[in-house]
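All remarks here apply to the structure that follows.
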Amino acid sequence: MMGFSQHLLILPILLPMAAGAILLLFEERRHSLKAGINIAATALLLGLAFALLRLADTGDAAGGAVTHTYRLGDWAPPFGIVLVLDRLSALMLVLASVLAAATLVFSLARWHKAGPHFHTLFQFLLMGVNGAFLTGDLFNLFVFFEVLLAASYGLMLHGSGAFRVRAGLHYIAINLAASLLFLIGVSLIYGVTGTLNMADLAMRIPEVAPENQALLAAGAAVLGIAFLVKAGMWPLCFWLPSAYMAASAPASALFAILSKVGFYVLLRLTLLLFGADAGPLAGFGSQVLLIGGMATIAFGAFGVLASQSLGRLAGYSILVSSGTLLAAVGLGDQAVVSGAMFYVVSSTITVSALFLIIELVERAQEPAANLLTVTMEAYGDDIEPEEEDEEEVGVVMPGALAILGVCFGCLGLLLAGLPPLSGFIGKFALINAIFNPQGLGTAAGGPDSIGWILTALLILSGLAALLAMMRTGIRTFWAPLEVIVPRVLVVEIVPIILLIGLCFLLTVQAGAVMRYTDAAAQALHEPRSYIEGVLPGSESASGVSTQ
């Protein structure tokens, strides 16, 4: 990178940090001004994320992956702070920026006025998320992890309410405990290896003395638990459905990316630090991720079926998504990881849009009517004869309710993974990789028993989502006792339509996206370019000039 472009890597951190600080200078009554600043900063961040995606999707003269680095203060790693950009981190930056833009527009209807410092917390959350995706060492990962958690605490409680405050306090307590585990794990790893730079750790772990390997494994296990709490692996996920259901609609939609921070870190560290070249610790924790991921899929599927509220259904859908991704990391196969990257984009956008539409759908529900229906069915009361004798040829569905119904149906198809949408393509890519690890048309044998179980769970979890969404859709749009036309603003429905449109675009451009994820997965399984791009003296090998 030459000229100004070499500083692009730090802008996803500096831009939201500066915007959040500027927003603090204005009093809360100036809602329009603060919203304008937030919109401008988020739009710039979205454009920057796509620019970095294009930058990361390059190769060297030999066609290999290129890792772009930014050394703050020009201090050489492992002693200085380094930011690292590759295809995986660029993809996650784009995903976070897209969700941020959609949720911000949705919040302009009313939620940004429901409490103080919404826009500031929004930008600081983006700062922490982007920093976690870009950092190249565990210490700064902890720093950015705390920044995003601190901002999420405020957004979790945004709008007040007894249920929200109670769930928010549980959320804060669980994440503070996870932060403590993070710090303990990092301390143990540093005590054994003498470094926290990820690339340097990848070089030193194979050389750790046998008598210190148990301590290093303990540190890695404690660190892993901290991120498994955030990723929502069973049984550490008990807090997630209630917390996400209690948060405001834009906060819950944005929180969909937070569980993916745990997935990102686990994927990065598992393949970089405990890959094939890690010596005795090669493959450390993979079986735990695989078994735990499958258990999380099963738990989430049962939760989806048992959910009587849309918010809880969406929360358990996040668990199904997290379990699928964790199981893919546990398998560790390159094709499976590529399919998981496609799946994480589709599933995260889908769940985020679901959280947004829940608030609009619930406006069309009448609690008293629902209670009356249950009571009549329970006691066998019949409807009055004159109502039975009435013959209705058809009922005109209001425009707003029709739009909500179509969007809700599309999200149901995406969650269930039915063809031909992107949810199906993501699951098909995972199942195809399980059955054909060397690619279609190869002579490799079929999957083992674990592969069959995981495939069955992927299919059954989709069936559970389909049944749950059909049940809710029928109750809401088809057979309510009293039709209530919700008041839906343009700024509320447009972000949902755009997110669904992105899933359709992902379907149409699935070939190009899969080529990108294939290249990203190959780079993760061949971490040479990452290590050479980060450590001193690697510029000539990686083909990148760093700052």
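Worth pointing out:
- Helix 334-362 axis, angle to the chain major axis (alpha carbon atoms, nearest 10°): 30
- In degrees, nearest ten, helix 399-416 long axis to first principal axis of the chain (Cα): 50
- Relative contact order [Cα under 8 Å, 6+ residues apart], segment 151-268, whole percent: 35
- Note that segment 119-239 shows a convex hull volume over its alpha carbon atoms of 91 Å³ per residue.
- For segment 263-278, 3J(HN,Hα) per residue [Karplus equation, 6.51 cos²θ - 1.76 cosθ + 1.60, θ = phi - 60°, Hz, x = Gly/Pro]: 4, 4, 5, 5, 5, 4, 6, 4, 7, 7, 8, 10, x, 5, 9, 8
- For the chain, averaging the sequence separation of C-alpha pairs within contact (under 8 Å, six or more residues apart) and dividing by the residue count gives a relative contact order of 18 percent.
- Spin-label zone in segment 153-193 - amide nitrogen under 17 Å from a point set 7 Å from the Cα of residue 215 along the C-beta vector: 184-193
- Extension gain, residue 491 back to residue 58 (0.36 nm per residue minus Cα-Cα distance, nm): 152.2 nm
- Here the extension length gained between residue 508 and residue 305 equals 70.0 nm, from 0.36 nm per residue of separation less the Cα-Cα distance.
- Acute angle (nearest 10 degrees) that the helix 367-379 long axis makes with the longest principal axis of the chain, alpha-carbon atoms: 70
- Cα→Cβ-extended label distance, 7 Å offset, between residue 32 and residue 162, nm: 3.8
- Modelled spin labels at residue 150 and residue 276, positioned 7 Å past Cα toward Cβ, are 4.3 nm from each other.
- Accessible area per residue in Å² at 1.4 Å probe, computed on segment 1-158: 37
- Note on residue 363 and residue 187: the model spin-label points, each 7 Å out from Cα along the C-beta direction, lie 5.0 nm apart.
- Our coupling estimate for segment 150-166, obtained by passing each phi through the Karplus curve with A = 6.51, B = -1.76, C = 1.60 and θ = phi - 60°, is 4, 5, 5, 4, x, 5, 5, 8, 4, x, 6, x, 4, 5, 5, 5, 5 Hz, Gly and Pro reported as x.
- In the chain, the C-alpha radius of gyration followed by the widest Cα-Cα span (Dmax) gives 23.9, 86 angstrom.
The values are calculated or read from the model by the stated rules, or taken from the named source; none is laboratory data. As the structure is a prediction and not an experimental result, all values here were calculated from the model. Methodologically, a virtual Cβ is constructed for each residue, glycine included, from the backbone with ideal geometry; neighbour enumeration extends over all protein chains shown. SASA here: full protein model, heavy atoms, side chains in, ligands and nucleic acids out. Shrake-Rupley method; radii C 1.70, N 1.55, O 1.52, S 1.80 Å.
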